[in-house]
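Following: one structure in structure tokens, then a few remarks.
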Amino acid sequence: MHGIGVWRDSGVSRDSGSAEPRQAEGIALAKAAGNERGQARTLTADQLAQARAQIAAGVPKAKIARDLDVDRTMLYRTLAADPDSP
């Protein structure tokens with residue numbers, strides 16, 4: 001069988017309403033353990049210092065991002081979040 005009838009006849013429930021409480025519980029456990037949510041920072045402090053030096057020297061941020069193997073957006077966001085950024 002193909003199509004929508006497969007879901008209905010297979011006995012598999014498509015209701016995901018119970019996932020939200022489990023997700024909230026997992027987040028609460030992670031917070032209690034001291035884990036932060038979100039993606040980890042990809043640039044090290046040394047890489048940020050290198051990027052700031054290159055920016056001060058006039059190197060385009062797109063080239064710096066390519067050299068550091070990150071998206072330009074990641075570089076821009078990391079520099080904006082860093083209080084020492086130029």
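The values are calculated or read from the model by the stated rules, or taken from the named source; none is laboratory data. All values derive from a computational prediction rather than experimental measurement. Heads up, the Cβs are rebuilt from the backbone with ideal geometry, glycines too, and the neighbour counts pull from every protein chain shown.
Below are the figures for this structure:
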| read-out | value |
| --- | --- |
| Every pair of residues 6+ apart whose Cβ atoms lie under 9 Å, when the first sits in segment 15-39 and is over 26 Å from Val70 (Cβ atoms) and surrounded by 10 or more Cβ atoms within 10 Å (Cβ to Cβ) while the second is of a type in the set (D, E, K, R) and at pLDDT below 70 | Ile27/Arg37; Lys31/Arg37 |
| Close pairs (9 angstrom Cβ cut-off, 6 or more residues apart or separate chains): within 13 Å of Leu48 (Cβ to Cβ) and touching a residue at least 24 places away in the same chain (Cβ under 8 Å) in segment 59-77, in a helix (DSSP H, G or I) and of a type outside the set (A, V, I, L, M) anywhere | Leu68/Gln47; Leu68/Gln50; Val70/Gln47; Val70/Thr78; Leu75/Lys61 |
